[in-house]
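Trainee: First the structure, which I've put down as structure tokens, then a few questions once you've had a look.
Just so you know, all these numbers are worked out from the coordinates, no wet-lab data involved. Values in this document were obtained by computation on a predicted structure and should not be read as measured data. Methodologically, a virtual Cβ is constructed for each residue, glycine included, from the backbone with ideal geometry; neighbour enumeration extends over all protein chains shown.
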Amino acid sequence: MWSDTAQGYRSDEQLRESLLQTSYTCRVPSQARTWVGPLALAAAFLLPILATVALYLPGGLLMPARLVTLLLAGIAVVQFLFHREPLPKGVCIAVGTVCVVFVACGVVGALRFPGVSSVEVATVFFLLLGLAASLVLSDRLRFIGALIAGWEVSAALAAVVAIWEIVTARHLPLSVGTRSFEGVEDWNEITSFFDNPNLYAYHCVVALLLLPMAWGLLGSSRLRWVLPVQGLLLTGLLLRSHGQMAFMAFGLGVVWWCLRSRWGRVALLGGFVTVAGTMALRLPPGWNLYRFVEVALDGLQWEDKSTYIRAHLVQTGWWISERTGFLGAGPGGFERMALDEANPHRSTGFSNAHWGMIEVLVNYGAPTLVVLLAALAAGVVWSVRSARRLRIGGDSAGAAVMFGAGVLAVTLPVVSMSHSTWLVQPLTSVHLMILVAAFTVGGRRLGKLEESGSDD
């Protein structure tokens, strides 16, 4: 289903050599040749689905999604030992540095401030393990294709549940369900397989951001025409979830994708003129956007509004960081210290950061946040340059993956605001695995394209 055709090579001989080098099985012992590749792809496809329905599966340390992560890690060890294809240096340095700093600052914070969250320790361990596995296994397009396919299938399944919620006003057992919302009784919030509409919005927006990448991977397959239908459906459900931060991330992703092409830039300019004109005439959609911003800013003055709460949580995060010398309070540090009586910003009564970047800053320190943001920024710049070179070289699938990696990187800080907690969610691990896989496979294809050019 997913295209793995190398289009940027200058001869059939080079193409055959490259395909042999990128095979999962070329150097794996004969007894493992029949299962290493297919098992990795099956596990990659299954992982996003298990993360989506994790609330309704057995929990604990070895929940199903983590067992699959362990399986992928084991396959990655086999892959690394018997198939030593060079990894992109930049991606290795970025991922390795982020992982090392995460662990180091987490350990320092745990030693300085007792009461570490064992849940977050386990979550971050499996998250970092998943990143390492994704780095090793992403030697061809099919691996990231399997991850994306799994996420899109899970989005389709979740959409069925969401539509059922809208039609029937009923919910799955662990959903927040029907509740009063800003004075409106019997407000029917859609949560799908999740307990919270914000987490469902997170799931929707990542699925939407992955659709252009999936379009490029499918090539000429007829299955690609399912993607626009899915995009329209998920956009409607995203709006219906009222996930404001998720929708902002979606808008940012659309803008970034539009900047990729000349026609996209023309469409973006037309959209800007339309919004500005309708805003001046007090007509939708421009006036709606104006009112949204106005209400958000007005919410800073009211204690029961989302904007006010989020602003105070940011202030709480900064207050905790100052107390820790910006070196981190250890896993779960925000929840432990947010309601401290000495905190002048605790009036909201919330103990979750509601922003992934603040979670990282408070729990793992300023060094970890700086390294993470620097890695994302470098990835964005690299993706733009590399996608253009791959496209010129004829590798349209590789170009789509590399540019899509940049989209995921540029939207990550905003997406992480979609839910009250970010680091401890199973979806976060899969989301970051896809990001690493995209940069890795894109970097590998760029390297092979450059090698084929130098040979000529």
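Trainee: Please report how far the C-alpha centroid of the stretch 194-210 lies from that of the stretch 399-456, rounded to the nearest whole angstrom.
Mentor: 18 Å
Trainee: Moving on to the next point. From the backbone phi of the stretch 109-125, what are the Karplus-calculated ³J(HN,Hα) couplings (6.51 cos²θ - 1.76 cosθ + 1.60, θ = phi - 60°) in whole Hz, Gly and Pro given as x?
Mentor: x, 5, 6, 7, 10, x, x, 5, 7, 5, 4, 5, 4, 5, 5, 5, 4
Trainee: I would also like to ask the following. Using modelled backbone amide H atoms (1.01 Å from N, in-plane), which distant-in-sequence or interchain residues come within less than 5 Å of Asn352's amide H?
Mentor: It is none; the list stays empty.
Trainee: How do Tyr56, Tyr200, Tyr308 rank when sorted from fewest to most other Cβ atoms within 10 Å of their own Cβ?
Mentor: So the ranking, lowest neighbour count to highest, is Tyr56, Tyr308, Tyr200.
Trainee: Listing Glu322, Glu152, Glu165 from the residue with the fewest other Cβ atoms within 10 Å to the one with the most, what is the order? Kindly include the intermediate steps, with their values, before the conclusion.
Mentor: Working: Glu322 9, Glu152 20, Glu165 24.
Ordered by Cβ neighbours within 10 Å, fewest first: Glu322, Glu152, Glu165.
Trainee: Whole number please: convex hull volume per residue of the Cα set in the stretch 33-455, in Å³?
Mentor: Working: hull volume 66.8 nm³, N = 423.
That works out to 158 Å³ per residue.
Trainee: Tell me the relative contact order for the stretch 33-455 as a rounded percent, counting alpha carbon contacts under 8 Å between residues six or more apart.
Mentor: Values: 612 pairs, mean separation 97.2, N = 423.
This gives 23 percent for the stretch 33-455.
Trainee: Given +1 on the Cβ of Lys and Arg, -1 on the Cβ of Asp and Glu, and no further charges, what dipole in debye does the stretch 33-455 carry about its Cα centre, rounded to the nearest 20? Don't jump to the answer; show the numbers that get you there.
Mentor: Numbers: 29 positive and 23 negative charges, 303 e Å.
Taking the Cα centre of the stretch 33-455 as origin, the dipole is about 1460 debye.
Trainee: For the stretch 226-282, which trypsin sites (Lys or Arg not before Pro) pass both filters: DSSP loop (anything but H, G, I, E, B) and at most 14 other C-beta atoms within 10 Å? List each step's numbers first, then the result.
Mentor: Numbers: sites: Arg240, Arg260, Arg262, Arg265, Arg282; in loops: Arg260, Arg282.
When the trypsin sites (Lys or Arg not before Pro) of the stretch 226-282 are filtered for loop state and at most 14 Cβ neighbours within 10 Å, Arg282 remain.
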